[in-house]
Amino acid sequence: MQLNKHYLLVAVAVGYLALVLFIPGAAVFYEAFHLGIKPFLSAVSSRDFIEAVKLTVIIAAIALPLNVIFGLCTAWVIARNQFPGRALLMSIIDLPFSVSPVVAGLMIVLLYGRNGWFGGFLENIGVKIIFALPGMVLATIFVTLPFVAREVIPVLEEMGSEQEEAARSLGASDWEIFWRVILPNIRWGLLYGVLLTNSRAMGEFGAVSVVSGSILGKTSTLPIFVEQAYKNYHTEAAFGAAVILALLGVVTLVMKEIVERRVHQH
Amino acid sequence: MSIIINQVSKKFGDFQALDRINLEIKEGGLVALLGPSGSGKSTLLRAIAGLETPDTGSIIINGKDATHLDVAQRNIGFVFQHYALFKHLTIRQNIAFGLEIRKHPPKRIKQKVDELLALIQLEGLGNRYPAQLSGGQRQRVALARALAVEPGVLLLDEPFGALDAKVRKELRAWLRRLHDEVHVTSVFVTHDQEEAMEVADEIVVMNQGHIEQVGTPAEIYDHPATAFVMSFVGEVNILPGVAGLFCNLPTSQSHVYVRPHELDLLHHEHESSTPATVKRIIHLGREIQAELALPDDFVVFANLSREKFAELNLEAGQQVFVKPQNAKSFADLHRAVLS
């Protein structure tokens, strides 16, 4: 009886995973390749697809460093200081996790769109944010804001401030302390945060799609490309792009595993 | 380098950590800041280092006002209770850190690191990481790292506090020898009076943000300036100054302080002796301690040599007479010791 229950539980778990994870994952690869490699190659060499990849990489390349710098500063301030509002600040940083990405995108439209708070001013000076790269970068920064700070704060707290004080007593400047003492101590936590930020930045759909206007070949990122290609019955193109995104996910997962192991060793 | 502390105060919220401290530390000295936790000793040390900024007052290092100088510019070496070694660097790299910051040539750094590794007797372990060393070894590395930059002042915050008793004892003796070789002005914080007595030339006894007394170990022990010092440094019996107990003392003072080894036990009544009952005999090894009940149920402890104990032939329940050889009372009501 006990044994049967045990098998039943395992069957339920495996069935559930198969239904929501394994079969859809396999289906992506099947759909992309079931007519051979050719349709896939032609899909990933189309101009719109290459533009989408380019845009995705550019957005990540801008959002990632900005959030790394912001995340490091915030983490240090929170980990090394006691001040009123510290707990509140920590929850505010987590806000992008709890706000729906679509709402985040909408917020940006409401601020910078043509009829938004800053819309008129921006139009007068000729700066376009909505339906353009700046808006998409803003949306991406918003949704990936918490990752670095969240990963680095506990590492900094565990490290304590004594090593920094020791370095200072040995004559090191703030800059030298950061590069020679803090960074080597937090590097695995930081790298983990960077990985999470990057995979989310490249995979984000909701917020970016609201502000982008989804103009194929112009303001379409990889996830948006997938949606549009599918809607337009370009199934091979859609699944071809999906395969690329899925592979990105797999690579992130593997690196995440490696980094996580290092984090726990330290 | 000499250090002069001038009217230094520091508050953390409502807590007065330092209250108008004045202190002069002479060049080349080895000074202990001794006190219970919360007495302000660590805060004072960190203020000298520049790791805390005093609210008021000034700190003069080597004739120069250092109150607002950054830690990096004070030319001090600091040793932390939990070593604070750089975990990601080897022992050699740890010791070389300050020299590399100062951009010394690599050859000179290597030579200096070799010298220091020899000084701390860890020649073979230069390429290990701190996690591979024992606590005592790590603290020696921390000392070498601080000494590498040839600081004018060496500051040590409870340097042996995290070590077990045996290693602590070895390191104390080693620190004393090291100071006799290197002669750098050194200040260390401890809550262990035995450690302060053993290592320091001069002891600064602190309590509740004040300095109670400054003196050599002998002065502190034999001529305590305050009730706090008498009770914090060494064992002491504290008795209410009731008339009839040790009646040769001025009874106007509220309490009488007698060290356990300065109580004589007699079989017969004597001038200024007090009758007592032996409650318990405690063998401490070198000495024997007798727990005595005085009239009105006051309890005192008397320490006797083994010979004296044998001579008196003491047993629990016996009637004896207690006579202090030396007892003190203090005009100042001690600030907080009775515990």
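Quick notes on this one:
- Taken across the stretch B:99-111, residues that are within 15 Å of A:SER169 (Cα to Cα), open to solvent by 60 Å² or more (accessible area, probe 1.4 Å), within 11 Å of chain A (Cβ to nearest Cβ) and not basic (Lys, Arg) do occur, with at least one present.
- Within the option set B:ILE21, B:ILE3, B:ILE59, being over 21 Å from the mean Cα position of the chain (by Cα) and open to solvent by less than 30 Å² (accessible area, probe 1.4 Å) holds for one residue only, B:ILE59.
- B:ALA131 within 11 Å of chain A (Cβ to nearest Cβ) and surrounded by fewer than 16 Cβ atoms within 10 Å (Cβ to Cβ): yes
- Residue, surrounded by the fewest Cβ atoms within 10 Å (Cβ to Cβ), within the stretch B:112-128, restricted to residues that are more than 31 Å from the chain's Cα centre (by Cα) and not in a helix (DSSP H, G or I): B:ASN127
- When each of B:ASP157, B:ASP222 is tested for being of a type in the set (Asp, Glu), touching a strand residue (DSSP E or B) at 6+ places or on another chain (Cβ under 7 Å) and open to solvent by 10 Å² or more (accessible area, probe 1.4 Å), the lone residue that passes is B:ASP157.
- Under the condition of being of a type outside the set (Gly, Ala, Ser) and in a helix (DSSP H, G or I), the residues counted in the stretch B:150-201 number 22.
- Taking strands (runs of 3 or more DSSP E) as the structural unit, those lying wholly within the stretch B:241-323 and holding at least 3 residues that are at pLDDT 85 or above and open to solvent by 10 Å² or more (accessible area, probe 1.4 Å) correspond to B:274-283, B:287-293, B:299-305.
- Qualifying position, being surrounded by 12 or more Cβ atoms within 10 Å (Cβ to Cβ) and either over 23 Å from A:VAL155 (Cβ atoms) or without any contact (Cβ under 8 Å) to a residue 24 or more places away in the chain (or both), among A:VAL10, A:VAL20, A:VAL102: A:VAL102
- Residues that are in a helix (DSSP H, G or I) and at the interface with chain A (Cβ under 9 Å from one of its Cβ atoms) were ranked within the stretch B:64-93; the one that is least open to solvent (accessible area, probe 1.4 Å) is B:VAL71.
- Scanning the stretch A:85-99 for residues that are open to solvent by 60 Å² or more (accessible area, probe 1.4 Å) and either under 17 Å from the mean Cα position of the chain (by Cα) or under 24 Å from A:PHE131 (Cα atoms) (or both) gives A:LEU95, A:PHE97, A:SER98.
- Yes/no for A:VAL77 being more than 23 Å from A:ILE244 (Cβ to Cβ), surrounded by fewer than 17 Cβ atoms within 10 Å (Cβ to Cβ) and in the same structural domain as A:GLY203 (by TED's automatic domain parsing): yes
- Pairs are defined by a Cβ separation below 7 Å, a sequence spacing of at least 6 or placement on different chains, a first member in the stretch B:273-288 that is within 15 Å of B:VAL300 (Cβ to Cβ) and of a type in the set (A, V, I, L, M), and a second member that is open to solvent by 40 Å² or more (accessible area, probe 1.4 Å) and assigned to a loop (DSSP other than H, G, I, E, B); the pairs so defined are B:VAL278/B:GLU315; B:VAL278/B:ALA316; B:VAL278/B:GLY317; B:VAL278/B:GLN318; B:ILE281/B:ALA316.
- Among (1) under 21 Å from A:SER173 (Cβ atoms); (2) away from every other protein chain (no Cβ under 14 Å), the one test that B:GLY38 misses: (1)
- Entry remark, the stretch A:108-151: residues being of a type in the set (A, V, I, L, M, F, W, C) and either touching a residue at least 12 places away in the same chain (Cβ under 8 Å) or surrounded by 22 or more Cβ atoms within 10 Å (Cβ to Cβ) (or both) number 18 in total.
- Count - residues of the stretch B:134-149 that are within 11 Å of another protein chain (Cβ to nearest Cβ) and assigned to a loop (DSSP other than H, G, I, E, B): 1
- Selection count, the stretch B:134-147, where residues are among the polar types (S, T, N, Q) and surrounded by fewer than 19 Cβ atoms within 10 Å (Cβ to Cβ): 1
- Complete set of residues in the stretch B:289-309 that are over 13 Å from B:VAL322 (Cα atoms) and of a type in the set (Phe, Trp, Tyr): B:PHE309
- A:GLY71 vs. criteria of a type in the set (Gly, Ala, Ser), farther than 30 Å from A:GLY213 by Cα and open to solvent by less than 90 Å² (accessible area, probe 1.4 Å): no
The values are calculated or read from the model by the stated rules, or taken from the named source; none is laboratory data. Worth saying up front: this structure is predicted, and the values here are computed from it rather than measured. For neighbour counting, all protein chains shown are included, and Cβ atoms are generated from backbone atoms with ideal geometry for every residue, glycine included. Note: areas computed on protein heavy atoms with side chains; ligands, DNA, RNA excluded. Shrake-Rupley method; radii C 1.70, N 1.55, O 1.52, S 1.80 Å.
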